[in-house]
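*Asks:* Here it is, the structure, as structure tokens.
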Amino acid sequence: MLIKNTIASDPKSFEITTKSLYMDRRRFLQMSAGAIAGAALMPWSVQAALPKKIDGIIPSAFSTDEPTNKYDEVTSYNNFYEFGTGKSDPLDNSVNFKPRPWTIQVDGHCHKPGTLGIEDLFSQYQQEERIYRMRCVEAWSMVIPWVGVELAAILKKFEPTSKAKYVEFTTLVDEKQFPGQKYPIIPWPYIEGLRLDEAMHPLTILATGIFGEELPAQNGAPVRLVVPWKYGFKSIKSIVRIRFVEDQPTSTWMKQAPSEYGFYANVNPGVDHPRWSQAKERRIGEFFRQPTAMFNGYGEEVASLYKEMDLRKFY
Amino acid sequence: MKKLSLKPVVFLVFFSPFLWLVYGVFAGKLGANPIEYVLRDLGDWTLRFLLLGLAVSTTRRLTGWNGVMRYRRMIGLFAFFYGFLHLSVYIGVDHFFDWATIWKDIVKRPYITIGMAAFIFLIPLAVTSPKAMVRKIGPARWKKLHQLVYVIAVFGVVHFFLLVKADVREPLLYMAVLIFLLGERFYRNVSAFRRPYHS
């Protein structure tokens with residue numbers, strides 16, 4: 001029980017607030033109640049669509065100056081099988097997705113395992129705008145203005161040990177939020193992995209937003225990976241766990257079709273997928289296909305990571 | 001008195017997916033990647049008309065409704081129409097006549113090879129669709145030729161099955177319909193063979 005000793009000289013509560021202000025407060029509360037009731041009547045999709053600006057974003061030297069795709073293109077054409085396999089399913093079926101509260105468990109071979117709250121990500125790290133090309137294995141591409149944090153800065157805080165050779169990422173499993181998970185279309189949860197040096201590369205970010213606003217559900221809210229020189233599916237969405245591991249993780253697509261998907265999945269016009277030639281791509285919004293660049297055009301930055309490797313074998 | 005023909009109405013119904021696509025293209029209602037949308041939709045309709053064509057004689061046998069046969073040629077020609085557009089969009093829009101890439105696709109990717117073969121087989125069937133052609137080549141040979149539709153339908157379903165990345169529920173549905181339609185024929189032939197002296 002809280003016993004508060006009052007001193008005679010303390011002001012009484014009625015002395016602090018004037019009568020008019022007190023009445024104003026009542027009116028304010030009444031109006032708020034009305035506003036809340038009104039909001040409750042709004043369709044969920046409308047509420048969910050209210051964008052939340054991210055403050056204090058700085059530009060990045062890694063950004064491309066290519067024109068970005070439109071907001072509608074980036075947010076209505078997505079592969080996110082947790083919401084369904086159609087391209088518009090993620091937008092249509094994500095109304096029950098709740099990006100808050102959200103924590104990422106970080107463990108495995110590191111000295112300081114722990115959790116990373118989504119709020120920590122905003123409060124402790126500088127948010128940068130990174131305008132990257134994004135290339136899907138299905139031979140389409142977009143230019144997306146991500147907002148995010150260099151993954152290396154985050155990983156270092158957990159102090160990976162010398163045994164940590166790879167990093168494994170896991171997406172949430174919850175069929176209430178992810179209706180696509182009601183069917184075993186692919187083995188849930190979605191898992192991806194990077195070699196530690198790939199994860200620590202300055203181009204690799206954990207994205208928290210697009211177009212200066214927090215990530216919409218269909219784009220991987222509240223936090224996803226972005227690895228711009230790899231096919232889009234490597235950039236795992238809605239991350240709940242990051243694990244430092246010694247052995248190469250088996251990604252979901254490797255499990256699904258080992259002959260079609262390798263661990264590296266570097267964008268490579270010279271190595272075709274059984275279903276799609278990777279030589280060219282269609283930038284969403286354009287009519288003609290354009291040639292695909294090795295490492296999606298980020299070769300200068302990342303080619304050295306693979307200089308000893310046969311990328312036909314390690315595709 | 002001659003019965004009122006429903007053919008113009010049926011024609012319009014079968015034509016409407018195409019009209020809807022044309023409207024969608026011009027109204028910008030086909031999403032962020034309209035080329036992919038159009039290609040897929042035309043492919044879907046090709047397969048649907050192929051199966052619908054096979055369902056005609058099945059329907060007649062199961063319901064005794066002979067009138068359904070009147071629409072078989074039209075259905076078959078619509079399968080060809082949508083198949084032709086599907087292939088045209090693949091060649092002329094998706095790859096913009098990049099023959100080198102298209103040829104590599106045909107040689108390297110079984111689903112393209114099979115899809116292409118299915119379309120090539122459709123051509124003689126479309127060409128011999130007029131009634132005059134039946135007389136010209138003789139009903140027996142005509143019938144034999146048009147049995148190619150079984151191969152085409154199987155190729156069509158396999159084509160769809162092979163191009164799907166992970167979720168095979170939709171191609172499985174088409175496969176189930178095809179198995180039912182072919183199974184009904186198989187069952188009928190076997191039963192006919194078993195009682196050769198009846199009828």
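*Asks:* Which far-off residues, 5 or more places away or on another chain, put their amide H under 5 Å from the one on residue A:110, with H placed in the peptide plane?
*Replies:* A:161
*Asks:* In addition: Rounding to the nearest 20 debye, state how big the charge dipole of region B:134-199 is about its Cα centre with +1 on each Lys and Arg Cβ and -1 on each Asp and Glu Cβ.
*Replies:* In total the dipole reaches around 540 debye.
*Asks:* Dividing the convex hull volume of the alpha carbon atoms of region A:243-291 by its residue count, what do you get in Å³ per residue?
*Replies:* 121
*Asks:* Also, quick follow-up: Going through the DSSP H helices of chain B, which span 27 Å or more along their own axis at the Cα atoms while scoring at least -0.5 as a mean Kyte-Doolittle hydropathy?
*Replies:* B:7-27, B:34-63, B:169-194
*Asks:* Now for a different question. Please rank A:60, A:123, fewest neighbouring Cβ atoms within 10 Å first, as an exposure proxy.
*Replies:* By the 10 Å Cβ count, ascending, the order reads A:123, A:60.
*Asks:* Taking every pair of alpha-carbon atoms in region B:88-157, give the share separated by more than 19 Å as a whole percent.
*Replies:* Percent of Cα pairs beyond 19 Å in region B:88-157: 46.
*Asks:* Given a cut-off of 27 Å, what percent of all Cα-Cα pairs of region A:142-295 lie beyond it? Please report the intermediate quantities before stating the final value.
*Replies:* On the way: 3125 of 11781 pairs.
Of all Cα-Cα distances in region A:142-295, 27 percent exceed 27 Å.
*Asks:* With equal scatterers on the alpha carbons only and no solvent term, can you work out the Debye log10 of I(q)/I(0) for chain B at 0.10, 0.11, 0.13 1/Å?
*Replies:* Listed by q, the Debye log ratios stand at -0.49, -0.60, -0.82.
*Asks:* Still on this model: From the square roots a ≥ b ≥ c of the eigenvalues of the alpha-carbon gyration tensor of region A:153-213, which class results: rounded (a/c under 1.5), prolate (a/b over b/c), or oblate?
*Replies:* Oblate, because a/c is 1.5 or more while a/b does not exceed b/c.
*Asks:* So what is the calculated 222 nm ellipticity per residue for chain B, using -39500 (n - 2.57) for each DSSP H run with n of 4 or more, over all residues, to the nearest 500 deg cm²/dmol?
*Replies:* Values: 9 runs with 153 residues, N = 199.
Roughly -26000 deg cm²/dmol at 222 nm, from the helical runs in chain B.
*Asks:* While we're on this one: Loop only by DSSP, 12 or fewer other Cβ within 10 Å of the Cβ. Give me the trypsin sites (Lys or Arg not before Pro) in region A:134-211 that pass, ordered by residue number.
*Replies:* Passing both the DSSP loop test and the Cβ count: A:163, A:176.
*Asks:* What do you get for Rg/Rh over the protein assembly as shown if you use C-alpha atoms and the Kirkwood form of Rh?
*Replies:* Ratio of gyration radius to Kirkwood radius: 1.10.
*Asks:* Of all trypsin sites (Lys or Arg not before Pro) in region B:1-98, which ones are in loop regions per DSSP and have a Cβ with at most 13 other Cβ atoms within 10 Å? Write down the numbers at each step before the final one.
*Replies:* Numbers: sites: B:2, B:3, B:29, B:40, B:48, B:60, B:61, B:70, B:72, B:73; in loops: B:2, B:3, B:29.
Passing both the DSSP loop test and the Cβ count: B:2, B:3, B:29.
*Asks:* Suppose we keep just the DSSP beta bridges with both residues in the protein assembly as shown; what percent of those would be antiparallel, to 5?
*Replies:* 85
*Asks:* Using the 10 angstrom Cβ neighbour count as an exposure proxy, how do A:314, B:14, A:178, B:84 rank, fewest first?
*Replies:* Taking fewest neighbouring Cβ atoms as first place, the list is A:314, B:84, B:14, A:178.
*Asks:* If we count other beta carbons within 10 Å of each Cβ, what is the order of B:98, A:120, fewest first?
*Replies:* Working: B:98 17, A:120 14.
Listing B:98, A:120 from fewest to most nearby Cβ atoms yields A:120, B:98.
*Asks:* What's the ranking of A:236-246, B:109-119, A:62-72, A:96-106 by average number of surrounding C-beta atoms within 10 Å, highest first?
*Replies:* Taking the mean over residues of other Cβ atoms within 10 Å, the ranking is A:236-246, B:109-119, A:96-106, A:62-72.
*Asks:* Per q in 0.17 1/Å, what log10 I(q)/I(0) does a Debye calculation on the alpha-carbon atoms of region A:79-234 return?
*Replies:* -1.10
*Asks:* Still on this structure: From other protein chains only, count the Cβ atoms within 10 Å of every residue's Cβ in A:85-93, then give the mean. Could the numbers behind the result be given before it?
*Replies:* Values: counts 6, 2, 6, 3, 0, 0, 1, 0, 0.
For this peptide, the per-residue mean of nearby foreign Cβ atoms is 2.
*Asks:* Here's something else I'd like to know. Enter the mean number of other protein chain beta carbons within 10 Å of the beta carbon of each residue in A:252-262, as an integer. Intermediate values should be presented prior to the final figure.
*Replies:* On the way: counts 1, 2, 0, 0, 2, 2, 0, 0, 1, 1, 0.
Averaged over the peptide's residues, the number is 1.
*Asks:* If you don't mind, another one. I need two numbers for region B:33-101: Rg to one decimal and Dmax as a whole number, Cα atoms only, in Å.
*Replies:* In Å, with Rg to one decimal and Dmax whole: 15.6, 51.
The numbers here are math on the coordinates, done by the rules we state, and not lab data. Note that the structure is a prediction, hence the values are computed from the model and not measured. Ideal geometry is used to build each Cβ from the backbone, glycine not excepted, and the neighbour counts take in all protein chains shown.
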